[in-house]
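Trainee: Supplied in structure tokens, the structure appears directly below.
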Amino acid sequence: MSEHIFISHASKNDAVVKKLREVLEQRNQLTWVDSRDLTGGDALEELIETSIRAARHFLVVISIDSLSSKWVQRDLRLAQAVVKQREDGYKVISLILPGVQAGLLDPFFPTEPVHIFVEDTPTGFEDALPKLFAAMGEQLPEDWQGSEPVQVQPVEELLLKFTDPEMQEQDGVRRATAIAELTYVPADGGREIVSRRYKFVAPLGPVELEEVRWYIERYYRWRRGELRRRERRPGRAWRGGGRRILQEGVGGGTGG
């Protein structure tokens, strides 16, 4: 018997399995994953069967994709047969990803398996790890700290909405224009304040955009004289546009 954990999964779950493998191997748990351990020309079925039979435990990552995978189904049937043949604690452990209902699992698990469900939360994967290690007969390090959701405080917002966009040309200069509406959303969930609708003209046109391109791509090479004065022009255009948004929007607010 080997000391590795065989991990069976659908290719669409490679990202989850990569994360799972890294966690296991950081804690001295050897893994065997076909997406990493097979190379071109390997006798695929023979190598997989040998590894499943020799593994310490069989871990299957269950998702909607893996339930419809003939390879995962084949791996699972073989592992379930190995459980009946061995008496050394070999287990079939299933890690159930979000989106899989318990009722879908019955046809694939004729006997009561070790199911570990990953909750559909930001910390669902980390929260499932203690159960996974317990199922393998291992313990997480004493300094293990499960993830805790970060409590985000509500914040106030200014939402700017544009409608009816079009291009306008005046004095040979083309500008994007639109009807704007500014909404203030208080952090406490109180009444929103909506401005009157007003016409907004973009502060930047083709000429100014060329100035912005120069500022981003070339400015860092030059910092004196005429180039020093040139650097100020894009900043003035940006600040002027921001002031116009606030002046026009705040100037005629109405209750939402």
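Trainee: Would you mind ranking Thr123, Thr111 so that the residue whose beta carbon has the fewest other beta carbons within 10 Å leads the list?
Mentor: Thr111, Thr123
Trainee: Which lysines have a Cα less than 19 Å from the Cα of Lys70, not counting those fewer than 8 places away in the same chain?
Mentor: Lys12
Trainee: Oh, and also: Which residues in segment 176-193 have a backbone N closer than 19 Å to a point placed 7 Å from the Cα of Gln151 along the Cα-to-Cβ line?
Mentor: Zone members listed by number: 187-189.
Trainee: What residues qualify as long-range amide H neighbours of Ile93, i.e. H under 5 Å apart, gap of 5 or more or another chain, H built at 1.01 Å from N?
Mentor: Correct list: Phe58, Leu59, Val60.
Trainee: To continue, here is another question. Please list, in order along segment 81-87, the HN-Hα scalar couplings obtained from phi with the Karplus expression 6.51 cos²θ - 1.76 cosθ + 1.60 (θ = phi - 60°), rounded to whole Hz, x for Gly and Pro.
Mentor: Rounded to whole hertz, the list is 6, 5, 4, 6, 8, 9, 10.
Trainee: Going by C-beta contacts inside 10 Å, put Ile93, Ile62 in order with the fewest on the left. Mind dumping the intermediate values first?
Mentor: Values: Ile93 19, Ile62 28.
In order of increasing Cβ crowding within 10 Å: Ile93, Ile62.
Trainee: Could you point to the residue in Leu104, Ser68, Gln80 farthest towards the positive end of segment 5-135's charge dipole, with +1 and -1 charges on the Cβ of Lys/Arg and Asp/Glu respectively?
Mentor: Gln80
Trainee: Given axes a ≥ b ≥ c from the Cα gyration tensor, I'd like to know whether segment 5-135 is rounded (a/c under 1.5), prolate (a/b larger than b/c) or oblate.
Mentor: Note, shape of segment 5-135 comes out rounded.
Trainee: Would you mind checking which residues have amide H under 5 Å from Thr31's amide H? H placed 1.01 Å from N; only 5 or more apart, or other chain.
Mentor: Hits under the 5 Å cutoff: Ile5.
Trainee: Order of Phe200, Phe6 from fewest to most other C-beta atoms within 10 Å?
Mentor: Least to most surrounded, the residues fall as Phe200, Phe6.
None of the figures in this text is laboratory data; all of them are computed from the coordinates on show. Because the structure is a prediction, the values reported are computed rather than measured. FYI the Cβ positions are ideal-geometry reconstructions off the backbone, even for glycines, and counts take in every protein chain you see.
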